[in-house]
Amino acid sequence: MPVCKHCGAKWSWSDTLKRSWTFRRGMRCRNCKKKQYQTRSSRKKTSLIAGLIPVVLIPAASLFDLAPGSILGLGMVLGILCIGVMPFFFELTSKEEPLW
Ligand SMILES: [Zn+2]
């Protein structure tokens, strides 16, 4: 779980998840109310995880000859799984870093 670089408070899984939706403009720490940003390396990790969905989905669909409904269902399950593990890959910084 990420730790606030300003006050050292550990963010909970649900807090990180909620704040991650707004992380482009920084996320406010619940403890010290200072803005925190996702680090560039952590951003790469989380986008890599999201990118894994089609990598798993497309071969699985052709391999098991899945119906469109099943592909959609599997995609949703994978999406939820990805969102669930994302907070574990979050790292925070007090300074905003350029996107790339
Ligand atoms: Zn803090």
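The values are calculated or read from the model by the stated rules, or taken from the named source; none is laboratory data. These numbers come from a predicted model, not from an experiment. Note: ideal-geometry Cβ built from the backbone for every residue, glycine included; neighbour counts use all protein chains shown. With ligands, DNA and RNA removed, areas are computed over all heavy atoms of the protein, side chains included. Shrake-Rupley method; radii C 1.70, N 1.55, O 1.52, S 1.80 Å.
Projecting label points 7 angstrom from Cα along Cα→Cβ for Ser12 and Glu97 puts them 2.8 nm apart. Measuring from each cysteine beta-carbon in the chain, the ones with no other cysteine beta-carbon under 4.7 angstrom are Cys82. On full extension, the segment bounded by Arg25 and Ser70 gains 12.6 nm, given 0.36 nm per residue less the C-alpha separation. Lysine pair count for the chain with Cα-Cα distance under 20 Å and sequence separation of 8 or more or different chains is 23.
Using the Cβ-Cβ distance between Lys33 and Lys5 with R0 = 22 Å, the FRET efficiency computed as 1/(1 + (r/R0)^6) comes to roughly 0.95. Rolling a 1.4 Å probe over the protein chains gives Arg30 an accessible area of about 140 Å². Take the chain with all the other protein chains still there, run a 1.4 Å probe, and you get 66 Å² of accessible area per residue.
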